[in-house]
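The values are calculated or read from the model by the stated rules, or taken from the named source; none is laboratory data. On a predicted model such as this, the values are computed, not experimentally measured, just so you know. Backbone-built Cβ (ideal geometry, glycine too); neighbour counts: all protein chains shown. Only protein heavy atoms, including side chains, enter the accessible area calculation; ligands, DNA and RNA are left aside. Shrake-Rupley method; radii C 1.70, N 1.55, O 1.52, S 1.80 Å.
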Amino acid sequence: QEEASRWRDKSIATAKFVEQEHGAYWARRAEILLVRIGAGSGDGSVDILRRTADDLYRKGSLDDAIAAYDKAAAAAMKANAPDQSFELAYKAALVFQQQEKHLEAATRFQQLANSQKTHPYAANSHLLAIANIRQASVVAGKWLDQYPELLEEYLANWGSSDSASRVAYWLGEFETGRRAWGDAVNAFSQVQSDSEHFADSIKQLGECWQLRLDELRAGEQPLADNP
């Protein structure tokens, strides 16, 4: 293990030496070679891939950094290190977000959160998926289909998290926008009293209840049998 560690350090140092002596082009070639070799080696490959990915990111080679983080995450999972794998996959998703590739980032964050739902940062990862879909919706000029699905998925899996009230408020806003008064009531009802959105949620809740009752009366539907 000590011998393997020494050779890992030597390989990384060699890549840095190549950059100093021969410039950015050959440095990139050396780093990609490290990624390729690291992806096919044993448990020690995780460290090589992580350090190489971080270096590629710092240099602005974002696509190459994503590829390296992906391979590092896969190597970590193979080495039975799920926490390390989560961290590396999370970094890859963050690079997509930095590139303003919001759909790709949202997909990455959602998949990561759902793959390790009990991870301490799973809820945060899923919240970033929602945030990226919100940004993608702004660009599209309309709410994307994934948006309400993500909101409902978050509340179903992380309904007791610190951000659950914010997500419930967003869902209430969405349901209000499409005039689904009953669904809006259910969403606003999940906003907790310690939330910054609580006061507005109470106001919205009352308005949505009234609109829902008016809707039922207009359709001559029995009030007792409808939520």
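Can Gln97 be described as out of contact with any Cys (no Cβ under 6 Å at 6 or more places or on another chain), modelled with pLDDT of 75 or more and either small (Gly, Ala, Ser) or open to solvent by less than 70 Å² (accessible area, probe 1.4 Å) (or both)?
yes
Looking only at region 164-191, count how many residues are surrounded by fewer than 16 Cβ atoms within 10 Å (Cβ to Cβ) and assigned to a loop (DSSP other than H, G, I, E, B).
Matching residues across region 164-191 total 3.
Which residues, counting only those in region 201-227, are acidic (Asp, Glu) and either at pLDDT 95 or above or not in a helix (DSSP H, G or I) (or both)?
Taking region 201-227 and keeping what is acidic (Asp, Glu), we get 207, 214-215, 220, 225.
If the condition is that a residue be acidic (Asp, Glu) and either at pLDDT 95 or above or not in a helix (DSSP H, G or I) (or both), then Glu220 is the only one that fits.
Failed condition for Ala76, given (1) open to solvent by less than 20 Å² (accessible area, probe 1.4 Å); (2) modelled with pLDDT of 90 or more; (3) under 24 Å from Tyr25 (Cβ atoms), with all others met?
Failing condition for Ala76: (3).
Scan region 101-142 for residues that are closer than 20 Å to Arg166 by Cβ and among the hydroxyl-bearing types (Ser, Thr, Tyr) and jot them down.
Selection gives Tyr121, Ser125, Ser137.
With in a helix (DSSP H, G or I), at pLDDT below 90 and at negative phi as the only criterion, which of Leu56, Leu112 stands out? Write out each step before concluding.
Details: Leu112 fails: at pLDDT below 90.
Just a single option satisfies the conditions, and that option is Leu56.
If you check Ala65 against the conditions, is it in a helix (DSSP H, G or I), more than 12 Å from the chain's Cα centre (by Cα), modelled with pLDDT of 90 or more and buried (at least 20 other Cβ atoms within 10 Å of the Cβ)? Before the answer, list the steps.
On the way: in a helix (DSSP H, G or I): yes; more than 12 Å from the chain's Cα centre (by Cα): yes; modelled with pLDDT of 90 or more: yes; buried (at least 20 other Cβ atoms within 10 Å of the Cβ): yes.
So Ala65 passes the test.
Test Ala156 against the criterion of being under 15 Å from Ala187 (Cβ atoms) and outside any loop (DSSP other than H, G, I, E, B), and give yes or no. Walk me through how you get there before you give the answer.
Values: under 15 Å from Ala187 (Cβ atoms): yes; outside any loop (DSSP other than H, G, I, E, B): yes.
For Ala156, the condition - under 15 Å from Ala187 (Cβ atoms) and outside any loop (DSSP other than H, G, I, E, B) - is met.
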